[in-house]
Amino acid sequence: MIERISVIYGKDIESMTKALLDTDNTASRIESKDAAIVIKPNLVTLSDPSEGATTHIEIVETVIGYLKEHGFSNITIAEGSWVGASTEKCFEKLGYYRLRDQYGVRLVDTKKDKFRKVEPEGIAMEVSETFLNADFFVNIPVLKGHCQTLMTHAMKNLKGCISDKSKRDFHKLGLDKPIAALSTILHPDLVISDGICGDLDFEEGGNPVETDRMMAARNGVILDIYSASLMGYDIEEIGYLREARKMGLFDSAEWEIKELSKPVTHSKVPSRAVKRLETYTAADEACSACYASLIRALKIFIEEGGNPPRTKIAIGQGYRGKHTPIGVGSCCSKADVNAPGCPARTNEILSMLRGLR
Ligand code: SF4
């Protein structure tokens, strides 16, 4: 089956979230007004969303407002921060107690939840009953880098649905297989991806890359495969996607992209790590999604031992119709060497850089 992935660009997080929900027609998919709806943001640690680690609360708030408007009232926000971090502190400092009080939703720290012992693919784990008992599950991950798994997004965000003991066990088992196994028993009904400014390479944030993109899909595994290509990776490079294929979570990955808007211009002051990579670029009215792809491609290319070209890489709408030696995106189609796309994807830019060696 071909999975529909809706993509929207911009800076107005509320209206972007609303557009994704309307396109998905989410309200009509929930069978009963009493359905137990569970929303899972990423609150891995106490870090402001602008740092690239945690879900923007505006997305969660818009989802709640939308559900309430459509007459749903049995709504729970559930999350368990990583081992060593207090979920309750994250709830407090990141505004989740306000959401609870303002909208009358339930807030569950999964570290303190009841767990059911399950053993998907022969891997023992304790999974939060709140998620296992949900009638409709909305997963709201951040698309960002990860120092061990390279990428963290929809599938890996499910790690917040297990006990701290199981989180430790996952690490002992090398993460990939247990992450994939968890996706055989937890199936979010809707994934809304927060790709506003996910971190370059750490799940705890600190080096956000302004991307200004959100996505929505009903199949988190397929969304992760597509997102991996946005981050510069193919299925074989992401261990938990390799394992997911072995477990039969997909055989062929097919999707159609429904673009709800066009990319918007890059504007944010970069972090130090991103600034270093920017020295290899010459941007002129570059859109943030395209620019983020270039920054991620440069990072991977340098890490694999590549030397960035001496000529700066042109990117942005200011290059339309102009000749340049190297350029990224359809705006730079007149470049001698070009990575196509609007926005260009990290894997396409990486191919271009590797071809220059
Ligand atoms: S190709 Fe041009 S218009 Fe398209 S995303 Fe890139 S910079 Fe923006």
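The values are calculated or read from the model by the stated rules, or taken from the named source; none is laboratory data. Values in this document were obtained by computation on a predicted structure and should not be read as measured data. All Cβ positions, even for glycine, are placed from backbone atoms using ideal geometry, and neighbour counts span all protein chains on display. Heavy atoms of the whole protein, side chains included, go into the accessibility calculation; ligands, DNA and RNA do not. Shrake-Rupley method; radii C 1.70, N 1.55, O 1.52, S 1.80 Å.
Structure notes:
- Checklist (1) part of a loop (DSSP other than H, G, I, E, B); (2) more than 10 Å from the ligand (Cβ to nearest atom); (3) closer than 26 Å to Lys156 by Cβ applied to Asn347, failing item: (1)
- Just so you know, in region 265-277 the residues that are away from the ligand (no atom under 15 Å from the Cβ) and not β-branched (Val, Ile, Thr) include one that is farthest from Ser193 (Cα to Cα), and it is Arg276.
- Restricting region 328-344 to residues that are surrounded by 19 or more Cβ atoms within 10 Å (Cβ to Cβ) and more than 9 Å from the ligand (Cβ to nearest atom) leaves a set whose member that is farthest from Pro308 (Cα to Cα) is Ala335.
- Verdict on Lys262 being out of contact with any strand residue (DSSP E or B) (no Cβ under 6 Å at 6 or more places or on another chain), within 10 Å of the ligand (Cβ to nearest atom), in a loop (DSSP other than H, G, I, E, B) and open to solvent by 60 Å² or more (accessible area, probe 1.4 Å): yes
- Complete set of residues in region 291-316 that are of a type outside the set (A, V, I, L, M), within 13 Å of the ligand (Cβ to nearest atom) and either more than 16 Å from Leu200 (Cβ to Cβ) or touching a Cys at 6+ places or on another chain (Cβ under 6 Å) (or both): Gly316
- Condition met for Ala286 (within 9 Å of the ligand (Cβ to nearest atom), outside the structural domain of Arg213 (by TED's automatic domain parsing) and crowded, with 18+ Cβ neighbours inside 10 Å): yes
- Selection of region 37-76 for residues being over 25 Å from Glu204 (Cα atoms) and acidic (Asp, Glu) yields only Glu69.
- With respect to (1) out of contact with any helix residue (DSSP H, G or I) (no Cβ under 8 Å at 6 or more places or on another chain); (2) under 30 Å from Gly84 (Cα atoms), the lone exception for Asn219 is condition (2).
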